[in-house]
Amino acid sequence: MQAHELFRYFRMPELVDFRQYVRTLPTNTLMGFGAFAALTTFWYATRPKPLKPPCDLSMQSVEVAGSGGARRSALLDSDEPLVYFYDDVTTLYEGFQRGIQVSNNGPCLGSRKPDQPYEWLSYKQVAELSECIGSALIQKGFKTAPDQFIGIFAQNRPEWVIIEQGCFAYSMVIVPLYDTLGNEAITYIVNKAELSLVFVDKPEKAKLLLEGVENKLIPGLKIIVVMDAYGSELVERGQRCGVEVTSMKAMEDLGRANRRKPKPPAPEDLAVICFTSGTTGNPKGAMVTHRNIVSDCSAFVKATEAFLIAIVVPDVETLCSWAQKRGFEGSFEELCRNKDVKKAILEDMVRLGKDSGLKPFEQVKGITLHPELFSIDNGLLTPTMKAKRPELRNYFRSQIDDLYSTIKV
């Protein structure tokens, strides 16, 4: 077959052919095409805009001068290591106390049963229960010191955090135990950390520990605190091998009746001893201080610190009319410098954002009012009326730096 004959068979349809094809389509099909085109146009016009990253993604770290090649995050303001993000949070205990204040005693720990709504404990409720647990441990003879180790053998649940905070309030150290460690590793850790008390979530785990005591594998274990309900046979089994089995509720009541003032830890004190699974030998314990954990958390907070700000150019007539009704005086330029005017406009922007369903991280946190419109003449817009981003960034550099340096989120 010749090339020209091939093209004749596979030629592109003429406009007349396309019109003829459209005329043969049913009305509902044409309406469907129209609706699809409208939806596509609407999505394209209203689709979410990508958030600006907090730093240049091609240069997320910079070399520390004189370090021989060590690098730091580009988010940091200097080469000094970031130890604490908040001056009043140097330990995990202080972090929880800050949570009480900044949340205004808001919800802290929530749990739910299947197909049921969450039930919440407030920060102060958690603090109350934590101090009761810590006080009960002291009443049982445990020291308020960073060499006092307390075991927690449970899955994630509110009691886990309550026990953890109870230990931190009195400078004690937690030693987590997990199902995935295996019986041999758990036995090794209980002995290595010299755990004489372990909190467990279920009676089955209490039985596992009692079996170790009965077989002379963990002779140092003396107290098991069970979170879930259990029967009297578990208590009797513990008594036969010299182990006290008690409930979380009994510990709370004991601490409430013998309340002690917290003895918070120092930043350099141990907070957690986290053991490995021991796949290449016996489990190894990583000794983690309060400073270690707070520094890690501070780095995370710093990384997520970036937030949205805006340069706002108000409409002259609208702003002046609005200001006159509210008793603000001055020229348009003076109104743009007025802190109360700026505050009112920001509050209105946040309200509109909430009404539109914006999430907190999508909301503008600070604004600067600029009296001059962006234009082609002042070099801030392209001939097609698009923003010149590099020019805008340079033009408003001082305002941008000032906003990011003064706003706390």
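The values are calculated or read from the model by the stated rules, or taken from the named source; none is laboratory data. This structure is a prediction, so every number in the text was calculated from the model and none was measured. Every residue, glycine among them, receives a Cβ derived from its backbone with ideal geometry; neighbour counts consider all protein chains shown. When the accessible area is computed, the model is the full protein with side chains, heavy atoms only, and any ligands, DNA or RNA have been set aside. Shrake-Rupley method; radii C 1.70, N 1.55, O 1.52, S 1.80 Å.
Quick notes on this structure:
- Surface accessible to a 1.4 Å probe, per residue, for the residues of segment 117-230, Å²: 41 Å²
- Ellipticity at 222 nm from helices only: DSSP H runs of n ≥ 4 in the chain, each -39500 (n - 2.57), divided by the residue count, give -13500 deg cm²/dmol.
- Order of exposure, largest accessible area first, which applies to 180, 368 with probe 1.4 Å: 180, 368
- Charge sum, other residues only, whose C-beta stays under 11 Å from residue 344's C-beta, Lys/Arg counted +1 and Asp/Glu -1: +2
- Taking all protein chains together, 80, 159, 347 sort by accessible area into 80, 347, 159, largest first [probe 1.4 Å].
- Rolling a 1.4 Å probe over the protein chains gives residue 124 an accessible area of about 120 Å².
- Here r is the Cβ-Cβ distance between residue 284 and residue 340 and R0 is 60 Å; the resulting FRET efficiency, rounded to 0.05, is 0.50.
- Under the Karplus curve 6.51 cos²θ - 1.76 cosθ + 1.60, θ = phi - 60°, whole-Hz ³J(HN,Hα) for segment 209-223, x wherever Gly or Pro sits: 5, 4, 4, x, 5, 4, 8, 6, 8, 10, x, x, 6, 10, 9
- For the chain, relative contact order (Cα pairs under 8 Å, six or more residues apart, normalised by length) works out to 13 percent.
- Summarising the label geometry, the points placed 7 Å from Cα in the beta-carbon direction at residue 211 and residue 247 lie 2.6 nm from one another.
- Taken per residue, the accessible surface of segment 320-381 reaches 68 Å², heavy atoms only and a 1.4 Å probe.
- Taken about its Cα centre, the chain carries a charge dipole of about 500 debye when Lys and Arg each add +1 at the Cβ and Asp and Glu each add -1 at the Cβ.
- Exposed loop sites are taken as chymotrypsin sites (Phe, Trp or Tyr not before Pro) in a DSSP loop (any state but H, G, I, E or B) with at most 13 other beta carbon atoms within 10 Å; the longest stretch of the chain without one runs 119-409.
- Whole-percent carbon and sulfur share, accessible surface of segment 282-394, 1.4 Å: 55 percent
- Net charge dipole size for segment 271-367 [Lys, Arg +1 and Asp, Glu -1 on Cβ; Debye, nearest 20]: 520 debye
- Under 17 Å from a label point set 7 Å out along the Cα-to-Cβ vector of residue 80, the amide N atoms of segment 254-298 belong to 295, 298.
- Dipole size of segment 109-187 about its Cα centre, with +1 on Lys/Arg Cβ and -1 on Asp/Glu Cβ: approximately 160 debye, rounded to the nearest 20.
- The residue among 324, 273, 368 whose Cα reaches farthest toward the positive pole of the charge dipole of segment 257-378, with charges on the beta-carbon of Lys, Arg, Asp and Glu, is 273.
- Size of the chain from its Cα atoms: along the principal axes, largest to smallest, the extents are 96, 79, 53 Å.
- Shape class for segment 318-409, computed from the alpha carbon gyration tensor (a ≥ b ≥ c): oblate, with a/c not under 1.5 and a/b at or below b/c.
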